[in-house]
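The values are calculated or read from the model by the stated rules, or taken from the named source; none is laboratory data. Everything numeric in this text was worked out from a predicted model, so none of it was measured. Here the Cβ positions follow ideal geometry from the backbone for every residue, glycine too, while neighbour counts run over all protein chains shown. Quick note on the areas: whole protein, heavy atoms, side chains included, nothing else; ligands and nucleic acids left out. Shrake-Rupley method; radii C 1.70, N 1.55, O 1.52, S 1.80 Å.
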Amino acid sequence: MTRFHHVFSVLCRLCALLPGAVLLFLVGFLLQQSRGRLDLQLLFGDTPPLDALIHFAPVWDGIWPACFGTFCVVALAGIVAVPLGILCGIHLSEFARGRFRTMLSFCVDLLAGMPSILMGLFGFALILFLRHTLLPDAGTCLLLSGFCMGLLVLPYMVNATYSSLSGLPHDIRLLGPSLGLNRMQTIRHILLPSAGRGILSGLVLSLGRAAEDTAVIMLTGAVANAGMPRSLLDKYEALPFYIYTTAAEYQTPEELKAGFGAALVLLILTTGLFLAAHLLHNAMERRWRQG
Amino acid sequence: MSAGFHVSKDVLARIVIAASAWVSAAVVLFLFLFLAWFCRPLLDMTTLARLLSWDWRPFQGSFGILSMLTGSLLLAFSSMLLAFPVGVGICCFIHGIGPPSLARFVLRAVKLMTSVPTVVYGFVAVFVLVPLLRDVFHRGSGFSLLAAILGLAILVLPTVVLMLHSRFLTVEPQVRLTAAALGMTSSQKLLHLVIPASKRGFLAAAVLGLGRALGDTMIPLMLAGNAPQVPGSVFDSVRAMTAHIALVVATDSHSLAYLSLFACGLLLFLTTTLVNIGLRMLTRNREVGS
């Protein structure tokens, strides 16, 4: 028996080395491979940075257009998912009861479990559908990507809002009625501000998810060399898609280095957002544990 | 006057809130309806038979998706076979085998792993794992079932660990007194009390991880080589359903090719739904039991 314990604990220790090793290797390898390329030239190529930022001057061999495309997709996804998700979370936590509640939460959970490629396929099908019916020359575009990405992160917003609201201590819920506020006023002036950090944490996490997902944008309008998108109905470049195409189709060592640089930029972006969400979440929990 | 105005505004807010909730719930329904609508031709038996075959050679007019289905299942199950024991090991380390300070560090690392973009895992694996497999085994290009299994195992590892971790967290307080009364060490408590008491947690972690592995696109697409065939060994190339969808959208335009893509989509939708129902049953029974 003691022998079994011993072997088991040694195996567990070995397994526990893995997460740290994976992370260290990932960061170390990306840093090493993109060394000498991590500067403004990676972003803007030979275009002066200020021209690219302010005058939208074309950038040829930098990843700035891809960063900008990702930013647009994330912003559009936020516009779709944030209001809808917060309102749905409020309904789930404050109003929905009984069988409707079960059904609603099942649908949201189901959506959260859907593979992201299905959201991309949904967008693609939407375009096929529109072509056959209302808009014969509809094509995949930035707007479509943002919309589908919004639907992908919607359940994260709903769940964050729901769990922040329903995790509030009971005495806070009594505060509103005791001040003579009605239900809607209580939600708006007491519950939502109290749950604010939790909801914000969910928002930041959703944005991180929208920034990293590749399958959705691959089917809904991201292309390799589009430059800056001129309108919402234009094709665009995106950081994750740039990384994917570089892995498959790079021609020169310089392009490969830029790919590693882009991977590092994306990694920093998503882990940064993740850590921010984590801090907000912890702040929220601490506040209500003391209170 | 002003009171009346307030009431109507509240009613409006209630309506808006309820409407958003139903819109959010309807998204999944719409997704299903779209997939089903585009899969209509499958109701025809000859078309269905053409799609449910093993051959994918679009230029010769065969559009079978069975090898993609096999590929997906193989990838998902084998990567879980690898990730699950490792995940259990990590979780046991966090809950009593390892010293608390290290345990906290490992848990943080696992959580941080969830924030790494899939495409970054894929990118690094293409330039590290694939050449490594090629050089070690001297079999083919390295883009193989094995590469994708290893990549997917890393990807689903945090899912398994965090699900188990949350179950252990609820079980541990229930057995804490018993263990203390029996004078058990923390590793004895873990092995003899916590693990046997969280069977459902193990099952839930396995189901969740399987769903995650089945639904991932980028790792199979970037690492598995994407040849539409049933692999004879782990060094052969395979194509997953998710990767198939991504590839067909990018290249083909034949209507049967599109049909195969929506058929894969529908299959993925149904498996995800099954996984979710399974998870729901696992967690609901737990609530009844406790």
Which shape class applies to the range B:47-289: rounded if a/c is under 1.5, otherwise prolate when a/b exceeds b/c and oblate if not, where a ≥ b ≥ c are the square roots of the Cα gyration tensor eigenvalues?
-> prolate
Is it possible to state the helix-based mean residue ellipticity at 222 nm for chain B, with each DSSP H run of 4+ residues giving -39500 (n - 2.57), the sum divided by total residues, to the nearest 500 deg cm²/dmol? What is it?
-> -25000 deg cm²/dmol
So for R0 = 41 Å, FRET eff. of B:T178-A:R97 from the Cβ-Cβ r, to 0.05, ends up at 0.60
Suppose R0 equals 30 Å; then what is the FRET efficiency for B:S186 and B:L81 from their Cβ-Cβ distance, rounded to the nearest 0.05?
-> 0.60
Using a ≥ b ≥ c from the Cα gyration tensor of the range B:1-153 (square roots of the eigenvalues), is it rounded, prolate or oblate, where a/c under 1.5 gives rounded and otherwise the larger of a/b and b/c decides, a/b for prolate?
-> oblate
In debye, nearest 20, what is the charge dipole magnitude of the protein assembly as shown about its Cα centre with +1 on Lys and Arg Cβ and -1 on Asp and Glu Cβ, if you could check?
-> 2180
Using only protein heavy atoms and a 1.4 Å probe, report how much of A:K257 is accessible, in Å² to the nearest 10.
-> 70
Helix hunt in chain B: which complete DSSP H runs extend at least 18 Å axially by C-alpha with mean Kyte-Doolittle at least 0.5?
-> B:2-38, B:66-92, B:100-113, B:145-181, B:199-215, B:255-289
Accessible area of B:S166 in the full protein assembly, 1.4 Å probe (Å², nearest 10) | 60
Fully extended, how many nm does the chain gain between A:R35 and A:F8 (0.36 nm per residue separation, minus their Cα-Cα distance)?
-> 5.6 nm
Percent relative contact order for chain B, counting Cα pairs under 8 Å at least six residues apart, stands at 25
Charge-dipole axis of chain A as Lys and Arg at +1 and Asp and Glu at -1 on Cβ define it, positive-most pick from A:L203, A:Y244, A:N282 | A:N282
Place +1 on the Cβ of every Lys and Arg and -1 on the Cβ of every Asp and Glu in the protein assembly as shown, take the dipole about the Cα centre, and give the residue among B:V126, A:L152, B:L66 whose Cα lies farthest towards its positive end.
-> A:L152
Label zone at B:L274 (point 7 Å along Cα-to-Cβ), backbone N below 12 Å, the range B:197-240 = B:211
What average number of partner chain Cβ atoms lie no more than 10 Å from the Cβ of the residues making up B:120-130?
-> 6
Treat each spin label as a single point 7 Å out from the Cα along the C-beta direction, and report the B:L169 to B:D10 distance in nm.
-> 3.6
Cα-centred dipole magnitude for the range B:47-289, charges only on beta-carbon of K, R (+1) and D, E (-1), debye, nearest 20 = 700
Solvent-accessible area per residue, Å², over chain A with all protein chains present [probe radius 1.4 Å] = 48
Report, in order of residue number, the helices in chain A meeting two criteria: a C-alpha extent of 18 Å or more along the helix axis, and a mean Kyte-Doolittle hydropathy of at least 1.0; treat each whole DSSP H run as one helix.
-> A:2-33, A:64-90, A:116-132, A:142-166
Cα-derived Rg over Rh, computed across chain A with Rh taken as Kirkwood radius = 1.05
Could you check the simple spin-label distance between A:H55 and B:A197, using points 7 Å along Cα→Cβ, in nm with one decimal?
-> 7.0
From the Cα gyration tensor of the protein assembly as shown, with a ≥ b ≥ c the square roots of its eigenvalues, which class applies: rounded if a/c is under 1.5, or else prolate if a/b is larger than b/c, or else oblate?
-> rounded
